[in-house]
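Worksheet: one structure, shown below.
The values are calculated or read from the model by the stated rules, or taken from the named source; none is laboratory data. Quick caveat, the model's predicted, so the values are computed rather than measured. Virtual Cβ from ideal backbone geometry, glycine too; neighbours counted across all protein chains shown. Heads up: the accessible areas ignore ligands, DNA and RNA and are worked out on the full protein's heavy atoms, side chains in. Shrake-Rupley method; radii C 1.70, N 1.55, O 1.52, S 1.80 Å.
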Amino acid sequence: MKTKNSIFFLMISFLIISCDKQSIFDEYKSVGNSWNKDSIVNFKLPKLNSKKQYNLFVNIRDNNDFPYNNLFLIVSLEQPNKQVKIDTLEYAMTNPDGSLLGEGFSDIKENKLFYKENEAFNQNGDYKIHIQQAVRKTGKIEGDKQLKGITEVGFRIEPKE
């Protein structure tokens, strides 16, 4: 039953994404069902119009194995001149009753998380995004070695309206 739900979700997601006219870039990478704290998910961005601004999103697909209320990420934007802008971000991932936030018809939920608003890409060359999980148990210094429940990490770019 779980496999049927997952296949159904993937088919519906494909239909929704393929009909999406707002997205300039929308890509996912699988991390299995456990995201290692040392595993960095990388995206090479397409060439973007330097005269326009864009809204940037981190997309997360998770399931009921996700054990926390919040998700902490370290997101790095590497510019063509090799300068890197690093942000540590926190996102709420559950409702007060513990149920997962996000869109989806099965136990897999998709979360579109704001990263940057009105971002300009005015340097010529390749931009890259690096995303790493930084979840820690309360009172612990060491990060969660294997973060369960995250299945895919994505990145999305939309034009500013």
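Return the carbon/sulfur percentage of the accessible area of segment 68-161, one whole number, probe 1.4 Å, all protein chains in place.
Summing carbon and sulfur atoms, their accessible area is 47 percent of the total for segment 68-161.
According to the Kirkwood expression over distinct Cα-Cα pairs, how big is the hydrodynamic radius of segment 15-127, in Å?
By the Kirkwood definition, the hydrodynamic radius is 16.0 Å.
Distance check, please: which entries in K82/K109; K112/K145; K82/K137; K128/K160 exceed 31 angstrom between their Cα atoms?
K82/K109; K82/K137, as the Cα separations exceed 31 Å there.
Evaluate the distance, in nm, between pseudo-label points positioned 7 Å from the Cα of T88 and of R136 along their respective Cα→Cβ axes.
0.7
Given a 1.4 Å probe, how much area per residue of segment 14-124 is accessible, in Å²?
With the other protein chains kept in place, segment 14-124 gives 58 Å² per residue.
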